[in-house]
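Values quoted throughout were computed directly from the atomic coordinates according to the rules given, and no laboratory measurement underlies them. In this text the structure is predicted, and so the values were computed from the model without any measurement.
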Amino acid sequence: MPAGRPGNPTVRPQAVHTVLFTGGMINGMQAQQVELGAALDWYACGWRLFRRFPLVWIIMFLLLLGLNLVLALVPVVGQLALVLLAPVFLGGLYLAASTVEENGQLSVGMLFRGFGEKAKTTPLLMLGGAMLAATIVLTLIAWSLIGGSLLTGFVSGNNVTATISAGVGAVLGSLVLLLLQAVIVMVIVYAVPLVMLDEAPPIEALKSSLNACIVNVAPFLIFGVIYLVLAFLAAIPFFLGYLLLLPITLCAAFCSYKHVFHS
């Protein structure tokens, strides 16, 4: 469906798109550099997709929240399963957004569509496996950098110099951890729709997702800042605003994927 046609919820393509570096080519597609203000268009597009079936979107996210809470009650295994299955559920949500964008009917069952097609389920689980491995590595890094520094400060007792050094180490460790988490997000954010909607191989999808985030780091930073502001506002009425914010943000992420890869 053409991106710039009136009435189409997809973001309008801009006049010029450039690629900052090669790599990440999938089925003839490559991540395009978009304009700085694209994040605003993505949220506007996400709102238009959400408002077509607001009740269905809210039910889907409530159901997903309930499943997460159930799995979280299972020690260790439940948390690992959450990470492993996350791309499969996300695949269903991206498919739902794509269906609405193409003027189709949205149904709650689309949340589970990632499990319904073996050709998609296995690659999505491979993405989940990559996320799981990265999560385990991050946990080990957190324990070694942050936990080690805090333990040093505790053992040092009244030694002021050692305590300050331990505090600095903990702060630096936290910054390193945040940086690594950001890289993981960049690697996975577009890998899911590329696998689910474009049938991309998992490894190529991961590389292409990272490529897309690097060439569009400024718009994505703006996207993140907007989300933080909206998240603060959504938390004011007993966090009820998240019932709107989460599906709108998911739809906005889909719009950004269309803009970066299909415009």
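Computed on the stretch 38-262, with alpha-carbon pairs under 8 angstrom and 6+ residues apart, the relative contact order is 30 percent.
Size descriptors for the stretch 205-263 (Cα atoms only): Rg and Dmax, in that order, 13.4, 39 Å.
For the stretch 38-262, a Kirkwood hydrodynamic radius built from all Cα pairs, placed in the Stokes-Einstein relation at 20 °C and 1.002 mPa s, yields a translational diffusion coefficient of 112 µm²/s.
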